[in-house]
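Below is one structure, written out as structure tokens; the observations come after it.
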Amino acid sequence: MEIDIRKIDEIIERYDKSEESLLAILQDFQHTFRYVPEQGMKRISEVLDIPESKIYGVGTFYKALSLKPVGRHTCKVCTGTACHLKGAHTLTDIIGKELDVEPGETTRDGRFTLQTVNCVGACALAPVVMVDDDDYYEGSSPQDVLKNLRKYK
Amino acid sequence: MTMENRKLQSVAALESYRTKIAESQKNEYPVIYVCGGTPCLAKGSRAVTEAFKKEIESQGLACKVELRHKVTGCQGFCSKGPVVSFGNDTVYLEVKPEHVPEIIEKTVKNAQVIESLGYKDPQTKKRAASFQGIPFYAHQKGMILKDLREIDPLEIDDYIARGGYASLAKAFAMDPEKVIDLVDQSGLRGRGGGGFPAGTKWRSCRAIDSEVRYVLCNGDEGDPGAFMDRSIMEGNPHAVIEGMIVGAWAVGAHHGYAYIRDEYPLAVKVMKKAVEDAAAMGLLGRNILGTGFDFDIKITRGGGAFVCGESSALMRSIEGKVGEPRAKYIRSVEKGLYDLPTVLNNVETWTNVPLIVNNGPKWYRQTGTQGSPGTKVFSLAGKAVNTGLVEVPMGTTIRELVEKVGGGIRSGRKFKAVQTGGPSGGCIPESLADLPIDFDSLSKAGSMMGSGGIIVMDEATCMVDVAKYFISFLAEESCGKCSPCRDGLPRMKQILTDITEGRGKEGDIELLEELCDVLSYGALCGLGSSAPNPVLSTIKYFREEYEAHIRDKRCPAGVCRNLVTFHIDADACTGCTLCAKQCPQECITGERKQAHVIDQSRCIKCGVCRDVCKFDAVRVE
């Protein structure tokens with residue numbers, strides 16, 4: 001994927017030139033490019049004067065960051081305790097079957113990345129599926145979830 | 001008005017501003033509060049909000065009278081959302097857009113209560129449309145959550161009108177040491193899990209000789225099954241900020257950070273806006289309320305690592321580093337963020353602070369127990385009838401919480417246990433349900449308070465599976481720095497997996513116990529040293545379940561897929577076809593009104609059929 005270096009600089013510019021900004025910059029990369037590009041990490045190293053190895057360490061430690069592009073939408077199946085008890089495992093299987101991916105993988109058309117996450121804090125909806133940042137679906141009827149997923153292009 | 005002249009220059013200016021907005025907020029009609037918490041949004045509260053707006057507009061009410069319509073934070077009764085209330089005792093559940101015209105006509109214009117929109121008692125079938133009349137609310141005590149129902153989290157004026165930031169006036173008039181005395185006398189203990197006395201923490205931090213100190217808010221609520229802090233940040237962010245300002249004054253800090261989980265995008269947004277608004281009003285930043293005191297707050301988003309809820313890992317993460325914890329003997333109050341003295345409290349703890357300063361420690365101690373004063377907010381989840389965000393006095397028994405507030409167990413099954421404290425906590429069996437919920441009683445029983453997730457379990461919950469679930473979670477989240485945790489947890493996970501898949505052998509239980517010992521003594525941080533709790537507590541109270549798996553290759557709860565088969569009892573089945581429709585494998589067949597059959601070769605043992613069957617016809621063996 002071709003990454004616009006100006007966009008990278010634009011993101012780095014938003015923050016103070018200190019190590020404290022590292023995680024936030026990487027998160028903005030993730031948000032903008034749907035992954036953390038290598039050029040981006042190199043650029044941070046130059047601008048913030050942090051060794052690349054350290055940036056790589058942070059980039060691979062946190063689950064919110066990915067070194068490979070994720071799909072246009074992320075489908076997060078919550079596997080928190082309440083969801084686990086109410087069948088999150090089965091729900092993951094069903095969604096995985098529909099999208100033809102395993103958890104952690106991205107569909108071939110780049111539409112969805114399927115993830116399992118630890119509790120999105122909406123236990124009353126358990127088992128719950130979260131799509132992107134704003135959409136939550138109650139998963140007690142898997143068929144309804146699948147219907148909703150089809151809305152995302 | 002420009003940003004600059006919104007700044008309140010003195011405590012007196014804050015008070016006169018408060019009177020001014022309180023006056024302007026008086027209305028002829030009651031305010032309609034539509035719950036805007038995440039579960040309610042998922043259940044359609046946006047559509048309800050739109051319907052209200054439309055109806056208000058079409059009736060011309062919006063311009064004639066100031067009928068305000070607000071999306072509030074969580075109102076608690078998440079399983080019955082969307083929740084709508086009116087600032088009085090009336091509350092409606094499961095409101096749909098088509099109910100809106102009737103609500104406007106009757107409730108808003110004529111103060112009539114529509115009982116049919118209230119709570120229906122499953123036993124008596126009686127309806128109740130008031131907070132007092134609904135058992136879920138009636139048995140709670142709202143110190144922290146009360147404001148969540150009525151405050152618009154995006155409007156600082158709303159918070160100020162209700163007495164917000166009043167504690168600053170009191171605190172700034174006091175010597176910082178005296179503020180610490182107040183918190184000390186109140187007996188406030190950290191709500192994040194450990195229950196460490198907040199006053200003691202603050203005093204030790206203040207006592208360290210240093211130019212710079214920090215005050216941090218832990219909003220990295222990572223325990224699966226816990227969403228209290230999320231709801232507070234999303235619903236009443238200024239209360240958290242106010243608590244932090246008081247804390248900063250008391251310990252002598254000028255910089256603060258709120259570390260919020262990446263999985264909570266709305267909480268990040270709301271907290272960011274609240275910090276900006278508070279700064280614009282002169283409640284944060286330089287020379288707060290003209291007192292000469294400076295304090296600012298930065299928001300840091302977490303990166304999706306559970307271990308960052310641990311204090312030292314959280315501080316490393318704020319510094320932009322990998323979130324690895326360090327040994328506990330180095331205390332954060334001495335060497336915390338950037339190795340400088342730091343006070344870290346969680347969201348709920350900070351929210352308690354303004355209450356204590358405003359009302360005094362004596363008032364605070366009227367609620368709760370001697371050792372654990374105040375209330376505790378819990379996220380009640382799992383197999384209870386009513387689930388959601390609840391607040392009860394410390395010392396309430398588990399049974400009261402599950403049966404009165406929670407309304408007992410769903411689908412008439414038997415109450416088996418509760419899990420408290422997330423992955424660091426344990427399971428407490430029904431036989432101990434009369435235990436009061438406070439920091440010390442729960443620890444004694446082998447669990448812990450944790451941050452406040454309470455997961456209710458029924459007889460269809462396998463305790464070995466629960467232990468495996470938590471150990472798998474922890475094995476995944478272990479940061480890998482120390483070997484007892486890095487190597488011990490995967491080994492425990494393997495043993496538990498073997499047991500649940502029918503490969504368990506004699507000696508497995510003892511080996512698990514031995515590994516637990518190593519972890520509790522040898523692990524570097526709280527994540528590892530408390531990791532044995534889910535295993536040890538389930539072995540202690542449910543050993544026979546482990547033995548059934550190991551010796552008889554049987555899962556008594558009917559959960560472990562390799563050890564069970566599902567059958568439909570032909571005599572009990574009415575042929576309603578519900579299970580066939582819901583089966584994800586489509587492997588249940590049968591004619592309408594005839595007994596159905598499960599195709600064993602394709603059954604994945606997910607249990608959906610058993611859950612949906614209204615006639616208890618699905619048997620697990």
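The values are calculated or read from the model by the stated rules, or taken from the named source; none is laboratory data. As the structure is a computational prediction, the values presented were derived from the model and not from experiment. For neighbour counting, all protein chains shown are included, and Cβ atoms are generated from backbone atoms with ideal geometry for every residue, glycine included. For accessibility, only protein heavy atoms count, side chains too; no ligands or nucleic acids. Shrake-Rupley method; radii C 1.70, N 1.55, O 1.52, S 1.80 Å.
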Inset, instruction - Working only within region B:307-335, note down all residues that are closer than 18 Å to B:CYS205 by Cβ and in a helix (DSSP H, G or I). - result: B:SER311, B:SER312, B:LEU314, B:MET315, B:ILE318
Legend entry - Failed criterion for B:GLY118 (all others in (1) at pLDDT 85 or above; (2) open to solvent by 10 Å² or more (accessible area, probe 1.4 Å) hold): (2)
Legend entry - Output for region B:413-441, where each listed residue is part of a helix (DSSP H, G or I), surrounded by fewer than 24 Cβ atoms within 10 Å (Cβ to Cβ) and not aromatic (Phe, Trp, Tyr): B:GLU430, B:SER431, B:LEU432, B:ASP440, B:SER441
Legend entry - Hey, A:ASP134 of a type outside the set (Ser, Thr, Tyr) and more than 10 Å from chain B (Cβ to nearest Cβ) or not: no
Inset, instruction - Looking only at region A:105-116, decide whether some residue is at the interface with another protein chain (Cβ under 8 Å from one of its Cβ atoms), without any contact (Cβ under 8 Å) to a residue 60 or more places away in the chain and on the phi > 0 side of the Ramachandran plot. - result: no
Inset, instruction - Take region B:287-306 and flag every residue that is within 27 Å of A:ILE25 (Cα to Cα) and assigned to a loop (DSSP other than H, G, I, E, B). - result: B:GLY302, B:GLY303, B:GLY304, B:ALA305
Inset, instruction - All but one of (1) at pLDDT 90 or above; (2) more than 26 Å from B:GLU234 (Cα to Cα) hold for B:MET394, so report the exception by its number. - result: (2)
Inset, instruction - Please go through region B:583-618 and pick out each residue that is closer than 20 Å to B:CYS462 by Cβ and open to solvent by 90 Å² or more (accessible area, probe 1.4 Å). - result: B:ASP611, B:ASP616
Inset, instruction - Please work out if B:VAL275 is free of Cβ contacts under 8 Å to residues at least 60 places away in the same chain, within 14 Å of another protein chain (Cβ to nearest Cβ), in a helix (DSSP H, G or I) and β-branched (Val, Ile, Thr). - result: no
Inset, instruction - Answer with yes or no whether B:ASP181 is open to solvent by 50 Å² or more (accessible area, probe 1.4 Å), over 17 Å from B:GLU334 (Cα atoms), modelled with pLDDT of 95 or more and not small (Gly, Ala, Ser). - result: no
Inset, instruction - Answer yes or no as to whether B:ALA248 is open to solvent by 10 Å² or more (accessible area, probe 1.4 Å) and either at pLDDT 95 or above or not aliphatic (A, V, I, L, M) (or both). - result: no
Inset, instruction - Taking B:TYR338 as meeting all but one of (1) within 11 Å of chain A (Cβ to nearest Cβ); (2) at pLDDT below 95; (3) outside any loop (DSSP other than H, G, I, E, B); (4) out of contact with any helix residue (DSSP H, G or I) (no Cβ under 7 Å at 6 or more places or on another chain), write down the number of the exception. - result: (2)
Legend entry - Within region A:1-49, considering residues that are away from chain B (no Cβ under 14 Å) and farther than 24 Å from A:THR74 by Cβ, the one farthest from the chain's Cα centre (by Cα): A:GLU46
Inset, instruction - Restricting attention to region B:428-465, report how many residues are of a type outside the set (Gly, Ala, Ser), within 20 Å of the chain's Cα centre (by Cα) and within 11 Å of chain A (Cβ to nearest Cβ). - result: 4
Inset, instruction - State whether one or more residues within region B:374-394 are in contact with a Phe, Trp or Tyr (Cβ under 9 Å, 6 or more places away or on another chain) and among the hydroxyl-bearing types (Ser, Thr, Tyr). - result: yes
Legend entry - Residue check for A:THR90: hydroxyl-bearing (Ser, Thr, Tyr) and over 18 Å from the mean Cα position of the chain (by Cα): yes
